[in-house]
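Notes follow once the structure below has been shown.
The values are calculated or read from the model by the stated rules, or taken from the named source; none is laboratory data. Computed from a prediction, not measured in an experiment: that's the story for all the values here. Cβ: placed from backbone, ideal geometry, glycine included. Neighbour counts: every protein chain shown.
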Amino acid sequence: MPCGIISRCCSEWFDRLKEFREENRIQFSGELLCQLALWQRLSGIGSNNWFELEMERSEHLLANLSRYMGREITELPSVDTICYYLRHQKPERLQGVVDAMISALGRKKLLDGLKTAEGYLLLAVDGVHVFSSPRPLEHSTFRRHGDGSVTYHQYYLEAKIVAPDGMALSVHTEAIENPDGEFDKQDCELKAFKRLIDAVARKHPQMKFSVLLDSLYCNAPVIAACRAHGWGYAVGFKGARQNRPLMDALTEKLNGCQANSKTVAIRHNSKSELTLRLRWCNGASHLFNRTTLLGGLNYIEGTVTRKFADGREAVFTLGFIVNQEITAANALEIFQTCRQRWKIENQGFNFQKNHGLHLGHCFCAQGHAAHNYYLFAQMAHIVLQLAALSDILKHWRKKQPTEAATPVDTLLRLFGSLKFIIDRIRLELFDKPMELHEFPDLRVRLPTG
């Protein structure tokens, strides 16, 4: 499959980045350097040394880049040149490219199929640790050890649009920093959350989100911030071991409306039987930290029981505080929506770390480079998902002599996994002439649309 089907819209956004270098000393454009950094991620190349070796040995890279970028490229920069550019380019400018990608998807209505019945896009928020170093890092946290040594951690709070089909599109990245003291997960993440939610609301005012959060964020400032923006929320709650007074208030409500329950058979086969018992209540109130009284707290609790054929049972319970009023008609849907938060960990961070984007590798630890390489991983992941899950393969097939050779309708079904697509992109970019196709009046659609 020709890697030329990947969209070239990033070129225009890269070309708009503010140039910090002296004009008379620029040999390689910022656009070219950014394109190479993006294609390094898209190709699954896990280190700068590997990337430099690929550039040196490839007989087709110059011609492919020239064809792809629409102008002649006669010379390639070294990896050191790319790192120099990324060390000094401010991350907020590359974050602006991610913002433009999400805004373009919204304008073209590609995200409409991912919305809930209430019109919300599901926005999962979670922290991710990328790597650690004994050397100081920009945009990092630090911890001091008993022997006097200090470890610096690249840690981000990430917001991704998630969907049941496994899509996880990065919307905003907020660096978690602790310039005034040692790293404290709860304090630092909650401060970063306030910055993140305000940034997302400012940059995407036309979008309405329902924020999916884990139990760390079950507090008054987070819920109040979501309400202030007119957004929905679903916050994990661990019950009495997290906040006993709140659990007591919810239990009192639950006991007062025992009719608010239902049992659903999820799966039944010869090996096990899986059932879900839901309980819920609406309109609870709680005084958080003895200072902030919040009312209108709706709570849903799901107890999953797995009965094995040999008589064994496994039981676990999940609870969530949500903005939406819960009824017997929508209880199952709300509970399933709450559980979509795990997409940011599985289809998001786990894929990026372990299946081709090498999120845990430090490509360059100096200046802003580490943060910028992280942002290129988010861009590459967006492009990969759109290429793999959209109907762009259908348009490519129309350009082929026969359609019988590719009877499937998406790249993901053709190649089986995003990892195989990454491997194919690397093959197409470095080892063979690139084949590009023009699609006049192309309107890409997702299967959920």
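Laid out as a table, the results:
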{"quantity": "Residue match in segment 300-316 (condition: polar (S, T, N, Q), closer than 23 Å to residue 125 by Cα and touching a residue at least 12 places away in the same chain (Cβ under 8 Å))", "calculated": "no"}
{"quantity": "Where residue 101 falls short, out of the listed (1) surrounded by 14 or more Cβ atoms within 10 Å (Cβ to Cβ); (2) assigned to a loop (DSSP other than H, G, I, E, B); (3) not assigned by TED's automatic domain parsing to the domain that holds residue 416", "calculated": "(2)"}
{"quantity": "Meets criteria (touching a strand residue (DSSP E or B) at 6+ places or on another chain (Cβ under 9 Å) and surrounded by 18 or more Cβ atoms within 10 Å (Cβ to Cβ)) for residue 300", "calculated": "yes"}
{"quantity": "Any pair with Cβ under 7 angstrom, 6 or more apart, that starts in segment 279-292 at a residue that is more than 9 Å from residue 220 (Cα to Cα) and in the same structural domain as residue 317 (by TED's automatic domain parsing) and ends at one that is assigned to a strand (DSSP E or B) and among the β-branched types (Val, Ile, Thr)", "calculated": "280/300"}
{"quantity": "Those residues of segment 10-20 which are outside any helix (DSSP H, G or I), surrounded by 11 or more Cβ atoms within 10 Å (Cβ to Cβ) and in contact (Cβ under 8 Å) with a residue 24 or more places away in the chain, in sequence order", "calculated": "17, 20"}
{"quantity": "Selection status of residue 68, over 25 Å from residue 367 (Cα atoms) and among the aromatic types (Phe, Trp, Tyr)", "calculated": "yes"}
{"quantity": "Of the criteria (1) closer than 27 Å to residue 34 by Cα; (2) not in a loop (DSSP other than H, G, I, E, B), which one residue 135 fails", "calculated": "(2)"}
{"quantity": "Contacts under 7 angstrom Cβ, first residue in segment 236-252 being assigned by TED's automatic domain parsing to the domain that holds residue 278, partner in a helix (DSSP H, G or I) and surrounded by fewer than 15 Cβ atoms within 10 Å (Cβ to Cβ), 6 or more apart", "calculated": "247/240"}
{"quantity": "Output for segment 263-278, where each listed residue is part of a loop (DSSP other than H, G, I, E, B) and among the charged types (D, E, K, R)", "calculated": "271"}
{"quantity": "Helices (runs of 4 or more DSSP H) completely within segment 310-420 that count 3 or more residues being surrounded by 21 or more Cβ atoms within 10 Å (Cβ to Cβ) and at pLDDT 85 or above", "calculated": "331-338, 369-389"}
{"quantity": "Subset tally (residues that are part of a helix (DSSP H, G or I) and of a type in the set (A, V, I, L, M)) for segment 226-246", "calculated": "3"}
{"quantity": "Condition check for residue 295: more than 17 Å from residue 216 (Cβ to Cβ), under 30 Å from the mean Cα position of the chain (by Cα) and loosely packed, with under 15 Cβ neighbours inside 10 Å", "calculated": "no"}
{"quantity": "Test set (1) among the aliphatic types (A, V, I, L, M); (2) more than 31 Å from the chain's Cα centre (by Cα); (3) under 24 Å from residue 223 (Cα atoms) - residue 331 fails condition number", "calculated": "(2)"}
